[in-house]
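Bear in mind that the values in this text are calculations on the coordinates, not laboratory data. Note that the structure is predicted; figures quoted are calculated from it, not measured. Reconstructed Cβ throughout: ideal geometry from the backbone, glycine too, with neighbour counts over all protein chains shown.
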Amino acid sequence: MPIKTNDPNKKTWIPVPANSDFPIQNIPFGVFLTRDDVITIGTRIGNHAIDLGALHQLGYFKDIPLTDDIFLQDTLNDFISDGQKTWRLVRNRISEIFDTDNASLRDNEEHKKVVLFTMEEIEMQLPVQIGDYTDFYSSKEHATNVGTMFRDPNNALLPNWLHIPVGYHGRSSSIVTSGTPVRRPMGQTMPAGAETPVFGPSKLVDFELEMAFITTDANVLGEPIPVDEAEDYIFGMVLFNDWSARDIQKWEYVPLGPFLAKNFASSISPWIVTMDALQPFKVESPEQEPKPLPYLLQEEGNKSYDIHLEVDILPENSTPTTVTKSNFKYMYWTMSQQLAHHTINGCNVNSGDMMGSGTISGPTPDSYGSMLELSWGGKQEVKLNDGATRKFIEDNDTVIIKGYCLNDNIRIGFGEVSTKLLPVYQPKKKQ
Ligand code: CA
């Protein structure tokens, strides 16, 4: 089925500002609360949110096989379960409805009143109920930097790294959407030179610049997903800030890996950009040497995506500073390899499961994906525009991750994930 939505010449009757992340070629999916306090599934063009539940009730999807309430839900899980063919039919139809030459909705003021919202009139929600969240560690530059800092610069990568898309099972309950503040965690750390651990606020709270992909029901228990089919089961991607407490992490992570240093919060951007929308931005992924084992070996061709990423730090009552610029294309292991590896033992994945890429660092110091690397373990200060400096994230700083794709014809983007770090929780005093 052709992806008609991706036609770069397509124009819409909805106003789209220059450099918008959301032209008619994007058509992402999200969940929002409307001005009438109704939760609905929607999409976005320019600065307008579109209520897909209302559009469906008005008959605009009538010849697509969809249940009546498919968009009248507070998560996208059921729609994602319907599979790639349905996602494609719905995106193609949305782009027809909003095509500049299509008068059906364009000239129907009554319908437009119930379908269209400005972004100020709505409140974005978490787009899926995330059943399981897995985090990979798939940037060679990031793994090399961390290995160099904490172990041995001559053997920065552990022996398994070039053979396995290394990952761990994370925690989905603490994943929040953009705009939801998170708290600095308390925890146990072992300060340098100390002989016994101490308890208190983490002193080294960090962001991790990541992206995450969201799957559909892909396989039944016991049956792996072949690497060359894996991407058919990926619905789309979001920006992902995997908040990390480096001092807690350093003390707790041996031998079973990250635990409380990572599960206090992770933040995602609210609009899921579909894999279909990203097709024009496919690029080669880094060459893999040694060659992966056959179950991870992909057919020739472009397997990664050219997605520009940047992180801003915004101190309270100040202006933002871009502290790093990276790109998803630097990832050593592809999403297909991650998903094939995840399921090679028969582990099943479900609709709404989320897989983090791992911190996405580029080859140069201005493209590192965490403060841990930008400050090189706290040895260097990162300068901000207002004259302040940071080694890690301070209370009331807001961290903003943005991401977009750009070619000669179009730009599509992810918007942003913006999260304020609040001070540690103070228990309320008893009266
Ligand atoms: Ca991570």
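Can you list the trypsin sites (Lys or Arg not before Pro) in region 118-179 that are in a DSSP coil and have 16 or fewer other beta carbons within 10 angstrom? Listed in order of number, the matching sites are Arg151.
Taking N as the number of residues in region 269-367, what is its alpha-carbon radius of gyration divided by 2.2 N^0.38 Å?
1.29
You can think of it this way: the chain between Asp68 and Thr180 has 37.2 nm of extra reach, that is 0.36 nm per residue less the Cα-Cα gap.
In sequence order, region 319-325 has phi-based couplings of 10, x, 10, 6, 9, 7, 10 Hz under the Karplus curve 6.51 cos²θ - 1.76 cosθ + 1.60, θ = phi - 60°, and Gly or Pro positions carry x.
With Cα atoms defining each centre, region 332-378 and region 417-431 are spaced 29 Å apart in the structure.
Available extension along the chain between Asp386 and Val254 is 43.6 nm, counting 0.36 nm per residue and deducting the alpha carbon span. Counting only helical runs of four or more DSSP H residues, what would the 222 nm mean residue ellipticity of the chain come to if each run contributes -39,500 (n - 2.57) and the total is spread over all its residues? The per-residue figure over the chain is -4000 deg cm²/dmol. Each peptide among 6-16, 201-211 gets the average number of other Cβ atoms lying within 10 Å of its residues, and from highest to lowest they stand as 201-211, 6-16. Contact order for region 88-238, expressed relative to its length and based on alpha carbon pairs under 8 Å spaced 6+ residues apart, stands at 14 percent.
Projecting each Cα onto the charge dipole of region 194-335 (Lys/Arg +1, Asp/Glu -1 at the beta carbon, about the Cα centre), which of Gln279, Thr319, Tyr305 comes out farthest on the positive side? It is Thr319, whose Cα lies furthest towards the positive end.
Rounded to two decimals, what ratio of Rg to Rh does region 278-431 give with C-alpha atoms and a Kirkwood Rh?
Values: Rg = 19.2 Å, Rh = 18.3 Å.
With Rg and the Kirkwood Rh in hand, the quotient comes to 1.05.
Each Lys or Arg adds one and each Asp or Glu subtracts one; over the other residues with Cβ under 14 Å from the Cβ of Gln426, this totals +4.
The C-alpha atoms of the chain define a longest principal axis, and helix 84-97 lies at about 60 degrees to it.
Among the GluC sites (Glu not before Pro) within region 265-322, those in coil by DSSP and having at most 13 neighbouring Cβ atoms inside 10 Å are Glu284, Glu287, Glu299, Glu300, Glu316. The magnitude of the dipole of region 4-124, with charges of +1 and -1 set on the Cβ of Lys/Arg and Asp/Glu and taken from the Cα centre, is near 540 debye. The calculated FRET efficiency for the pair Thr322 and Ala192, based on their C-beta separation and a Förster distance of 22 Å, comes to about 0.10. The eigenvalues of the Cα gyration tensor, multiplied by 5 and square-rooted, give the chain an equivalent ellipsoid with semi-axes of 36, 26, 20 Å from largest to smallest. Which pairs, out of Lys203/Lys428; Lys262/Lys391; Lys203/Lys420; Lys203/Lys430, put more than 21 Å between their alpha-carbon atoms? In this structure, Lys203/Lys428; Lys203/Lys430 exceed 21 Å between Cα atoms. A straight Cα-to-Cα reach below 15 Å connects Lys85 with the aspartates and glutamates Asp63, Asp217, Glu229, Glu231, Asp232, Asp276, residues fewer than 8 places away in its own chain not being considered. Net charge of the neighbourhood of Gly187, taken over other residues with C-beta under 9 Å away and scored Lys/Arg +1, Asp/Glu -1, is -2. Under the criterion of Cα pairs below 8 Å and six or more residues apart, the relative contact order for the chain equals 20 percent. Spin-label pair Asn409-Leu158: with each label point 7 Å from Cα along the Cα-Cβ axis, the two points sit 4.4 nm from one another. Simple point charges give the picture: +1 on the Cβ of Lys and Arg, -1 on the Cβ of Asp and Glu, and for the chain a dipole about the Cα centre of about 1040 debye. Projecting the Cα atoms of Pro255, Tyr133, Ala192 onto the charge dipole of the chain, computed from C-beta unit charges around the Cα centre, puts Ala192 farthest toward the positive end. Looking at region 344-431, the GluC sites (Glu not before Pro) that sit in a DSSP loop and have at most 14 other Cβ atoms within 10 Å of their own Cβ are Glu381. In this structure, Glu120 and Asp232 have a Cβ-Cβ separation that, at R0 = 41 Å, corresponds to a calculated FRET efficiency of about 0.65. With a cut-off of 11 Å between beta carbons, the residues surrounding Thr134 carry a summed charge of -2, where Lys and Arg count +1 and Asp and Glu -1.
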